[in-house]
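Structure, as structure tokens:
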Amino acid sequence: MKYKINGFLFYNVTDATLSIDDIATADTQLSITANALLYFIIQHPGILTRDEVMQKVWDDNGLTSSNGNLNQYLSLLRKSFRNYQIDNVIVTIPRGRLEINPDLAIELIDDNPLHPLLQNQESDDEAVSVPKTPLFGEDLPPQTEEQEKNWMMASAVLFTAALVLLWTAIISERSINIVQLNQVESGICELFSNEKMINLEMRESYKKNFAAVRDRLGLDCSETRRFIFYYGDKFQNKGLGRTFMAQCAKNENNPYAYCENYFYYSWK
């Protein structure tokens, strides 16, 4: 799905990109949450409450909503659009309400299906057409001799490719390095680390630093989400170090299907 804004800026919802030229490579790549926020507000012109926005963009996707998170992503979107000389893409209304800037000219130019993470914001009443497929037993046109040869050649190529992939997997098996995540007891927080907590002092230091980063980001623990946390040795020594945290919504089929990632290059 694509929009043209003010006649020159192309917003691709599916790829989460902004670009001047619809054909050229994208100029700006939006994050998953920033993209969901922008798309929701464009789809709902008029004045919205902050609670409405946080419910649809954060809560309905199993993420922690807060005014701090909303303000952060509003600031990121406004900064991205200022690069294209568009100020206040999202306007703040008195009493904390929000609205897509009514002065913008927004035109839908491509209504292809959205990314699955954004489909839940579409109307449930939208009709879905299902292509008709031949039923078992229906008469099909007979294959020609040339078609049979082509099928045989394609099958041989696929079989050869499968053998090559299998051999590559066998000879490279020893070089594969799989990161093992270890759960760390941290109250209601479901917390995982790539390191083993070999003693009590290391575990308490790890939990303390995790709490410090989580408080800085304004993230709360919940039974509906899990965290992955990593920090470098310098951070443990109260110096500058790299720090990474992922906040993931629980999913029965894939435990890390939807995550928000936070990275500090020089945490102090």
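Some points to look at:
- Solvent accessible area, Å² - Asp111, 1.4 Å probe, full protein context: 110
- Computed with a 1.4 Å probe on the full set of protein chains, the accessible area for Lys208 sits at about 140 Å².
- Taken along the Cα-to-beta-carbon direction at a fixed 7 Å, the label points for Ala161 and Asn71 span 5.2 nm.
- FRET E, pair Gln180, Ala212, Förster distance 35 Å, beta-carbon r, rounded to 0.05: 0.90
- Whole-Hz ³J(HN,Hα) from phi, Karplus 6.51 cos²θ - 1.76 cosθ + 1.60, for region 48-53, glycine and proline x: 10, 7, 5, 5, 4, 5
- The Stokes-Einstein estimate for region 67-110, based on a Kirkwood radius over Cα pairs and taken at 10 °C with 1.306 mPa s viscosity, is a diffusion coefficient of 138 µm²/s.
- Cross-link pairs beyond the 31 Å C-alpha cut-off, checked among Lys4/Lys250; Lys4/Lys56; Lys2/Lys56; Lys196/Lys250; Lys207/Lys250; Lys208/Lys250: Lys4/Lys250
- If R0 equals 25 Å, the separation of the Cβ atoms of Glu204 and Phe263 corresponds to a calculated FRET efficiency of about 0.55.
- Protein-only accessible surface at a 1.4 angstrom probe places the residues Ser205, Ser193 in the order Ser205, Ser193, largest first.
The values are calculated or read from the model by the stated rules, or taken from the named source; none is laboratory data. This is a predicted model, so every value here is computed, not measured. All Cβ positions, glycine included, derive from the backbone under ideal geometry; neighbour counts span all protein chains shown. The protein model used for the area step is the full one, side chains on, heavy atoms only, and it has no ligands, DNA or RNA in it. Shrake-Rupley method; radii C 1.70, N 1.55, O 1.52, S 1.80 Å.
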